[in-house]
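The values are calculated or read from the model by the stated rules, or taken from the named source; none is laboratory data. Bear in mind that the values here come from a model prediction, so they are computed numbers and not experimental data. Methodologically, a virtual Cβ is constructed for each residue, glycine included, from the backbone with ideal geometry; neighbour enumeration extends over all protein chains shown. Side chains are part of the model used for accessible areas, which takes the heavy atoms of the whole protein and leaves out ligands, DNA and RNA. Shrake-Rupley method; radii C 1.70, N 1.55, O 1.52, S 1.80 Å.
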Amino acid sequence: MSTPRRIAPGTTYLVTRRTTRRHFLMNPDKRRVLLAVYWYATALLAAEFGIEIHAVQVLSNHMHEVLTDTRGELPKFLSQRNRLMANAIKVLRGWPEEVFSREGASVVALYGDDAVLQKIGYTLSNAVAAGLVARPEDWPGVTLAATDIGTRTIRVERPAVYFDAENKRWPASAEIAITVPRSLEANAGHEGARARIVAAVEAAVDEARRIARKAGKFVRSMEWIFAVPHTTRASSFEKVGARNPSFAAGGNVEMATMAAKVRAAFLGAYREAFRALRSGVRDVFFPLGTWRLAQEVGVNVFSTT
């Protein structure tokens, strides 16, 4: 019997979000207010929507997160969490415009352990590849160490900006556990999965250092990082119209083939359902993974599980 759902629960994703016009609106501040804003908003909304955080790094103009959506609520989580972050950043920076790019978030479904490990390594080595720090944990903004995954719980007090202490919606503090992805734990056990994560991050950091050296980049001081104005914009070349993949398999051909088939099946079922809806059929069921039409129009979404 089919049951209504929103998007496939239990999927692990790499989520990337950029600031508008690549402004450095998320550059770390000495008081660590932005760090508190990220963890406070994320902890509250992750608990509400069933999101598990595995790895994150927030650089000056973009952030990467590896997370698992346990209940099929990822779009709602991202919408509400990013709105809170944007409003807090506007207050902190005195910024009158939008904070995040209008192109929206990049959400890449990760198929298989290889993809999950690769994207955790990629996420945590980002600041190293940019030549800003020598190790992920040296970044003064939002980041994690590989050893935090599966062992650390982040506890944060309510930030001093935006979140009204008189509003019962905003508790005095919040906390969130940094978890090992369930798929890795199922295949290697908790400690085995943690060992694989540490090895993957170390390899990614070594490669990031090599890339930074080749590009002539060097580690920056904390004072230099803090002093960068938030009005600064990234000047590195960025290809216009670059592909934005919907899934990654970490080089595993079998997983990539399966992911491509799953994606093709979804698109085929979606187009068929949409044609039926436009032709006037009332009881149309869209495939699991449909979100916007389910939220805005109220179409039926089905799962065979």
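Rounded, prolate or oblate for the chain? Axes are the square roots of the Cα gyration tensor eigenvalues, ordered a ≥ b ≥ c, and the cut-off for rounded is a/c under 1.5. It comes out prolate by the Cα gyration axes.
For residue 281 and residue 79, FRET efficiency with R0 = 30 Å and r from the beta-carbon atoms, rounded to 0.05? According to the calculation, E is roughly 0.55.
The modelled label-to-label distance between residue 199 and residue 70, using points 7 Å beyond Cα along the C-beta direction, is 2.8 nm.
Rolling a 1.4 Å probe over the protein chains gives residue 223 an accessible area of about 110 Å².
With R₀ fixed at 22 Å, the C-beta to C-beta distance from residue 147 to residue 206 puts the FRET efficiency at about 0.85. Expressed per residue, the C-alpha convex hull volume of the stretch 225-291 stands at 212 Å³.
Using C-alpha pairs under 8 Å with a sequence gap of at least 6, the mean separation divided by the residue count of the stretch 31-140 gives a relative contact order of 23 percent. Largest first, the residues 40, 13, 162 sort by 1.4 Å accessible area into 162, 13, 40.
Pairs of Lys residues in the chain that lie 8 or more places apart, or on two chains, and have C-alpha atoms under 28 angstrom apart add up to 13. Over the chain, DSSP H runs of length four or greater, each weighted -39,500 (n - 2.57), average out per residue to a 222 nm ellipticity of -13500 deg cm²/dmol. Between helix 74-93 and the chain, what is the angle of the helix's C-alpha long axis to the longest principal axis, kept within 0 to 90° and rounded to the nearest 10? Result, in degrees: 30. Computed over the chain, relative contact order equals 26 percent, with contacts defined as Cα pairs under 8 Å that lie 6+ residues apart. What angle do you read, to the nearest 10 degrees and between 0 and 90, between the alpha-carbon axis of helix 253-278 and the longest principal axis of the chain? The helix 253-278 is inclined about 60 degrees to the chain. Quick one: angle between helix 182-214 and the longest Cα principal axis of the chain, in degrees between 0 and 90, rounded to 10, please. Approximately 50 degrees, to the nearest 10.
Spin-label pair residue 297-residue 155: with each label point 7 Å from Cα along the Cα-Cβ axis, the two points sit 4.8 nm from one another. Across 299, 253, the residue with the most accessible area heads the list, and the full order at a 1.4 Å probe is 253, 299. Of the residues 119, 214, the one with the largest accessible area comes first in the ranking 214, 119, computed with a 1.4 Å probe on protein heavy atoms. Global dimensions of the stretch 45-105 from alpha-carbon coordinates: Rg and Dmax equal 12.4, 36 Å.
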